[in-house]
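To start, the structure under review is shown below, and the notes come after it.
The values are calculated or read from the model by the stated rules, or taken from the named source; none is laboratory data. Values in this document were obtained by computation on a predicted structure and should not be read as measured data. We place every Cβ from the backbone using ideal geometry, glycine too, and count neighbours over all the protein chains shown.
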Amino acid sequence: MSQLFSAIEYYLVKQPSIENFTWIPNKTLASSPQFLVFTVMAYLCFTFFLSRLSLPPVPPVILKPITAVHSTVLLVLSFIMALGCLLSTISIAPHLRWIICFPPNTPPSGAVFFWAYIFYLSKILEFLDTLLIILSNSIQRLTFLHVYHHSAVVVMCYIWLQTSQSLFPVVLITNASVHVLMYAYYLSCALGVRPKWKKFVTDCQIVQFYSSFVVLSLMLFFHFSGSGCSGVWGWSFNVVFYASLLFLFVEFHKKNYGSTYSKKMMVEDMDFKSYDEEDGDNNLKTMKPLICSIPK
Ligand SMILES: CC(C)(COP(=O)(O)OP(=O)(O)OC[C@H]1O[C@@H](n2cnc3c(N)ncnc32)[C@H](O)[C@@H]1OP(=O)(O)O)[C@@H](O)C(=O)NCCC(=O)NCCSC(=O)CC(=O)O
């Protein structure tokens, strides 16, 4: 057992390429501000134009396996990032306070920053989620929440690395863990099994945003009660980003699992098979006539 743990620790923490990692602006791959601006702008432009092109939908027999592979890659990667960052934090942190508040002028190097870098690159890989939504012609799923999250989260990760921002290990571990669940949900959908625990995934996402305010407050407390924390201006970006996501997710929750949702579940329980076959699952507009027909 201890051999297995040592092997995991070596591959996720102590490997020379991980231990000796350093984020060098304009030198490390994808580290220049020009790259960031170009990537985010290209994502927004492609999303805007492709969604307006009304492309013919890619047949599900082709798209579903691609979606399943993509979701599997992100599921596994999220798990590795959560574990890698957790083990690196445990092995590097000199004391508990360090996890929330790096000393000022902390250099962006070592295993914890390596995982922040992989996390940053994984957020660019997540752009493919949007492409899959467009190719499946599910334009109603291309929401402001989705596009805003996918573009802004890349900027947040860039700021983490550029400013050696305190508290990112906690945010990274929490977010990657929630994404294990989220991509398991998407994988299952792509394989044709719609899990009954969709609401649980959304609940976890909302808890994640609430809990981030606890660590953000702690960081501020440590910053003003001691000799300061590294990357405090990135703190403001995180507060605004997480507050807006919390608001958008609470709205998403109300829309998807409000009283109409309970009725929808009732309809599904009554086995309206034709509904699923004809319309997909979540279109509440299409639900209306069915809901009205529920016997009192
Ligand atoms: C339960 C959720 C995870 C997902 O809600 P949705 O309403 O999007 O889910 P849904 O039931 O419509 O999704 C099922 C459909 O997604 C397809 N699908 C499968 N894999 C996918 C992938 N990797 N990206 C995008 N879509 C994918 C399935 O084939 C299926 O299509 P078909 O229906 O054709 O069979 C929710 O909590 C949520 O996050 N909603 C916001 C929407 C969003 O974009 N979330 C991800 C980024 S925000 C984020 O990530 C926040 C965070 O950091 O935690």
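Enumerate the helices (runs of 4 or more DSSP H) found wholly within the range 97-210, keeping only those where 1 or more residues are within 8 Å of the ligand (Cβ to nearest atom) and closer than 25 Å to PRO56 by Cα. Spell out how you get there, then give the answer.
Details: elements: 111-125, 127-135, 144-163, 168-190.
In the range 97-210, the matching helices (runs of 4 or more DSSP H) lie at 127-135, 144-163, 168-190.
For ASN105, only one of the following conditions fails: (1) of a type outside the set (Asp, Glu); (2) at pLDDT 95 or above; (3) over 13 Å from the mean Cα position of the chain (by Cα). What is its number?
(2)
Quick one: which of GLY192, GLY226 is loosely packed, with under 15 Cβ neighbours inside 10 Å, more than 19 Å from the chain's Cα centre (by Cα) and within 22 Å of VAL73 (Cβ to Cβ)?
On the way: GLY226 fails: within 22 Å of VAL73 (Cβ to Cβ).
On inspection, the qualifying residue turns out to be GLY192.
Condition check: at pLDDT below 95 and either within 14 Å of the ligand (Cβ to nearest atom) or in a helix (DSSP H, G or I) (or both). Does SER274 satisfy that?
Details: at pLDDT below 95: yes; either within 14 Å of the ligand (Cβ to nearest atom) or in a helix (DSSP H, G or I) (or both): yes.
The answer is yes for SER274.
Of the conditions (1) among the aromatic types (Phe, Trp, Tyr); (2) modelled with pLDDT of 95 or more; (3) more than 9 Å from the ligand (Cβ to nearest atom), TRP233 clears all except one; give me its number.
So the condition that TRP233 fails would be (2).
Among the residues of the range 84-98, what is the count of those that are within 16 Å of SER177 (Cβ to Cβ) and either touching a Ser or Thr at 6+ places or on another chain (Cβ under 6 Å) or surrounded by fewer than 18 Cβ atoms within 10 Å (Cβ to Cβ) (or both)?
Restricting attention to the range 84-98, the residues satisfying the condition of being within 16 Å of SER177 (Cβ to Cβ) are 84-90.
Pick out the ones that are also either touching a Ser or Thr at 6+ places or on another chain (Cβ under 6 Å) or surrounded by fewer than 18 Cβ atoms within 10 Å (Cβ to Cβ) (or both) and you get 90.
Residues in the range 84-98 being within 16 Å of SER177 (Cβ to Cβ) and either touching a Ser or Thr at 6+ places or on another chain (Cβ under 6 Å) or surrounded by fewer than 18 Cβ atoms within 10 Å (Cβ to Cβ) (or both): 1 in total.
Is one or more of the residues making up the range 61-81 in a loop (DSSP other than H, G, I, E, B), under 30 Å from VAL215 (Cβ atoms) and polar (S, T, N, Q)? Quick ask: steps written out before the conclusion?
Taking the range 61-81 and keeping what is in a loop (DSSP other than H, G, I, E, B), we get none.
Within the range 61-81 (the criterion being in a loop (DSSP other than H, G, I, E, B), under 30 Å from VAL215 (Cβ atoms) and polar (S, T, N, Q)), the answer is no, since none of the residues qualifies.
Which residues, taken from the range 21-51, are assigned to a loop (DSSP other than H, G, I, E, B) and either over 14 Å from TYR117 (Cβ atoms) or out of contact with any Leu (no Cβ under 9 Å at 6 or more places or on another chain) (or both)? Spell out the reasoning first.
Let us first name the residues in the range 21-51 that are assigned to a loop (DSSP other than H, G, I, E, B), namely 21, 23-32.
Listed by number, the residues that qualify are PHE21, ILE24, ASN26, LYS27, SER32.
Which of the following residues is in contact with a Leu (Cβ under 8 Å, 6 or more places away or on another chain) and more than 30 Å from VAL112 (Cβ to Cβ): ILE62, ILE80, ILE18, ILE66?
Working: ILE62 fails: in contact with a Leu (Cβ under 8 Å, 6 or more places away or on another chain); ILE80 fails: more than 30 Å from VAL112 (Cβ to Cβ); ILE18 fails: more than 30 Å from VAL112 (Cβ to Cβ).
Within the list ILE62, ILE80, ILE18, ILE66, the selection yields ILE66.
Okay, residues lined up against (1) surrounded by fewer than 10 Cβ atoms within 10 Å (Cβ to Cβ); (2) under 28 Å from TYR183 (Cα atoms); (3) free of Cβ contacts under 8 Å to residues at least 24 places away in the same chain:
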site: GLN3; (1), (2), (3): yes, no, yes
site: TYR10; (1), (2), (3): no, yes, yes
site: VAL13; (1), (2), (3): no, yes, no
site: GLU19; (1), (2), (3): no, no, no
site: PRO25; (1), (2), (3): no, no, no
site: SER31; (1), (2), (3): no, yes, no
site: MET41; (1), (2), (3): no, yes, yes
site: CYS45; (1), (2), (3): no, yes, yes
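List pairs: first in the range 210-221 and closer than 8 Å to LEU167 by Cβ, second among the hydroxyl-bearing types (Ser, Thr, Tyr), Cβ under 6 Å, 6+ apart or cross-chain?
Listed pairs, sorted by first residue: MET219/SER166.
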